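Colleague: This is the structure I have questions about; it appears just below.
The values are calculated or read from the model by the stated rules, or taken from the named source; none is laboratory data. From a predicted model like this one, the values you see are computed outputs, not experimental measurements. Cβ placement follows ideal geometry from the backbone for every residue including glycine, while neighbour counts extend to all protein chains displayed.
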Amino acid sequence: MPQIVTLTMNPALDIATATDIVIPTEKLRCTDPRYDPGGGGINVARAVHLLGGDAIAVFPLGGLSGEMLCRLLDAENVPRAAVPISGITRESLAVVERRTGRQYRFLLPGPELSEHDQQRCLDELVSCLKGALYLVASGSLPPGVPADFYARVAALARECGVRFVLDTSGPALARAGSDVFLLKMSLREFEELSGRALPTPRDQEDAARALIDRGSAEVLVLSLGDRGALLATATETRSFEAVRVEVVGSVGAGDSMVAGIVCGLVRGWSLVEAVRFGMAAGAAALLRPGTELCCREDAERLYGALAHV
């Protein structure tokens, strides 16, 4: 079994296309679409694979869109453990307006998952955690799944002796419990969780220490966009400068960052070096168009430059 397991409770078939200009009520002629398997944990598993690691993706699926998602994962040689459900896997649409370069992203809510289907996902997850080192849960929760679901996942990871990494937002983040090894958040997500604005580095460090002190996680990685990142543990906080690249697309940068961090940890690297590699992987994703994730060659090149700073 792979050492990294990912969980995606709300997977998506991602569709990317482009049109000259977005005009309300007009018929917009688009380019040929690109299809990718999507959803936070699935993207993390794909990025781990691209970075030379090994991960298995656990997720519910249903309908023709779910079948296509599985075929796309198989084409990328990403191991999967899909749990069939009666609902239809959602689709997500990203449209680039070529005249301005703006990207419009349309996300559907996903199918409602019954308690029975939720338990089946957890049962499948437990079977995949045998021999694993890290479990990464990433993305939103679909309709029907309670906000404290990730707390149940965290407890399962603890029982299985696996470190739990979480990347989510809103109520699912607020009710994630206390069995989390590493939380990865954006500044917006952290401010929502903290209930206040965190405009300065001092504000962010103080809030990060408070989160660690109350036992919400052992490690916090705060992504600050073009201002870099913040790493916080019980013993230290450390700031990282952003990796400067020419941005081509933004989809998948966060998932690539998580994948890079976990890949580094599996390789036995320190937290600092793992975060550096995660930042390099996230920046590598920014170099890719549409819904493409990071490229290993770009990630390793950018990491090599960071290692000498």
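Colleague: Can you tell which of Ala285, Ala259 is of a type in the set (A, V, I, L, M, F, W, C), surrounded by 20 or more Cβ atoms within 10 Å (Cβ to Cβ) and at pLDDT 95 or above?
Modeller: None of the other options fit; the residue is Ala259.
Colleague: Still on this model: Just to check your reading of the model, which residue among Val58, Val126 is under 20 Å from Phe149 (Cβ atoms), modelled with pLDDT of 95 or more, touching a Cys at 6+ places or on another chain (Cβ under 9 Å) and part of a helix (DSSP H, G or I)?
Modeller: The unique qualifying residue is Val126.
Here's the yes/no breakdown for (1) touching a Gly at 6+ places or on another chain (Cβ under 8 Å); (2) among the small types (Gly, Ala, Ser); (3) within 19 Å of Leu129 (Cβ to Cβ):
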{"position": "Gly40", "(1), (2), (3)": "yes, yes, yes"}
{"position": "Ala45", "(1), (2), (3)": "no, yes, yes"}
{"position": "Leu64", "(1), (2), (3)": "no, no, no"}
{"position": "Ile88", "(1), (2), (3)": "yes, no, no"}
{"position": "Phe106", "(1), (2), (3)": "no, no, no"}
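Colleague: Ok, one more. Please specify each residue of region 80-98 satisfying the condition of being charged (D, E, K, R) and either in a loop (DSSP other than H, G, I, E, B) or closer than 13 Å to Val58 by Cα (or both).
Modeller: Selection gives Arg80, Arg98.
Colleague: Return the residue satisfying two criteria in turn: it lies in region 19-59 and is β-branched (Val, Ile, Thr) and surrounded by 13 or more Cβ atoms within 10 Å (Cβ to Cβ), and of such residues it is nearest to the chain's Cα centre (by Cα).
Modeller: Residue satisfying both the conditions and the ranking: Val44.
Colleague: Taking Ser256 and the conditions (1) farther than 30 Å from Ala18 by Cβ; (2) of a type in the set (Ser, Thr, Tyr); (3) touching a residue at least 24 places away in the same chain (Cβ under 8 Å), which numbered condition does it fall short on, given that it satisfies the others?
Modeller: If we test Ser256 against (1) farther than 30 Å from Ala18 by Cβ; (2) of a type in the set (Ser, Thr, Tyr); (3) touching a residue at least 24 places away in the same chain (Cβ under 8 Å), just (1) comes out false.
Colleague: Still on this structure, I have one more. Any idea how many residues of region 91-121 are within 19 Å of the chain's Cα centre (by Cα) and under 28 Å from Met1 (Cα atoms)?
Modeller: Looking only at that region, the number is 1.
Yes/no matrix, rows are residues, columns are (1) surrounded by 15 or more Cβ atoms within 10 Å (Cβ to Cβ); (2) part of a loop (DSSP other than H, G, I, E, B); (3) in contact with a Phe, Trp or Tyr (Cβ under 7 Å, 6 or more places away or on another chain):
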| position | (1), (2), (3) |
| --- | --- |
| Leu64 | no, no, no |
| Leu73 | yes, no, no |
| Val78 | yes, yes, no |
| Thr100 | no, yes, no |
| Pro109 | no, yes, no |
| Glu112 | no, yes, no |
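Colleague: What are the residues in region 141-162 that are under 25 Å from Glu191 (Cα atoms) and buried (at least 20 other Cβ atoms within 10 Å of the Cβ), if any?
Modeller: Answer for region 141-162, where residues must be under 25 Å from Glu191 (Cα atoms) and buried (at least 20 other Cβ atoms within 10 Å of the Cβ): Leu141, Pro142, Val145, Phe149, Tyr150, Val153, Ala154.
Colleague: Looking at region 131-140, can you tell me whether even one residue there is modelled with pLDDT under 95, assigned to a loop (DSSP other than H, G, I, E, B) and closer than 21 Å to Arg267 by Cβ?
Modeller: Within region 131-140 (the criterion being modelled with pLDDT under 95, assigned to a loop (DSSP other than H, G, I, E, B) and closer than 21 Å to Arg267 by Cβ), the answer is yes, since at least one residue qualifies.
Conditions (1) surrounded by fewer than 21 Cβ atoms within 10 Å (Cβ to Cβ); (2) over 21 Å from Ala154 (Cβ atoms); (3) among the acidic types (Asp, Glu), marked per residue:
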site: Leu198; (1), (2), (3): yes, yes, no
site: Ala210; (1), (2), (3): yes, no, no
site: Leu222; (1), (2), (3): no, no, no
site: Ala229; (1), (2), (3): no, yes, no
site: Phe277; (1), (2), (3): no, yes, no
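Colleague: Now for a different question. Within region 77-94, which residues are of a type in the set (Gly, Ala, Ser) and within 20 Å of Ala16 (Cβ to Cβ)?
Modeller: Selection gives Ser92, Ala94.
Colleague: Okay, moving on. Considering only helices (runs of 4 or more DSSP H) fully contained in region 191-298, which possess at least 1 residues that are of a type in the set (Ser, Thr, Tyr) and over 19 Å from the mean Cα position of the chain (by Cα)?
Modeller: none
Colleague: Still on this structure, I have one more. Every residue in region 81-98 that is surrounded by fewer than 18 Cβ atoms within 10 Å (Cβ to Cβ) and either farther than 18 Å from Leu141 by Cα or at pLDDT 95 or above (or both), please.
Modeller: Those that are surrounded by fewer than 18 Cβ atoms within 10 Å (Cβ to Cβ) and either farther than 18 Å from Leu141 by Cα or at pLDDT 95 or above (or both): Ala81, Pro84, Ile88, Leu93, Glu97, Arg98.
Colleague: Could you identify the single residue in Gly228, Gly278 that is in contact (Cβ under 8 Å) with a residue 40 or more places away in the chain, at positive phi and in contact with a strand residue (DSSP E or B) (Cβ under 8 Å, 6 or more places away or on another chain)?
Modeller: Within the list Gly228, Gly278, the selection yields Gly228.
Colleague: Can I ask one more? Residue check, Ala305 against (1) assigned to a loop (DSSP other than H, G, I, E, B); (2) at pLDDT below 90, all met but one. Which one?
Modeller: (1)
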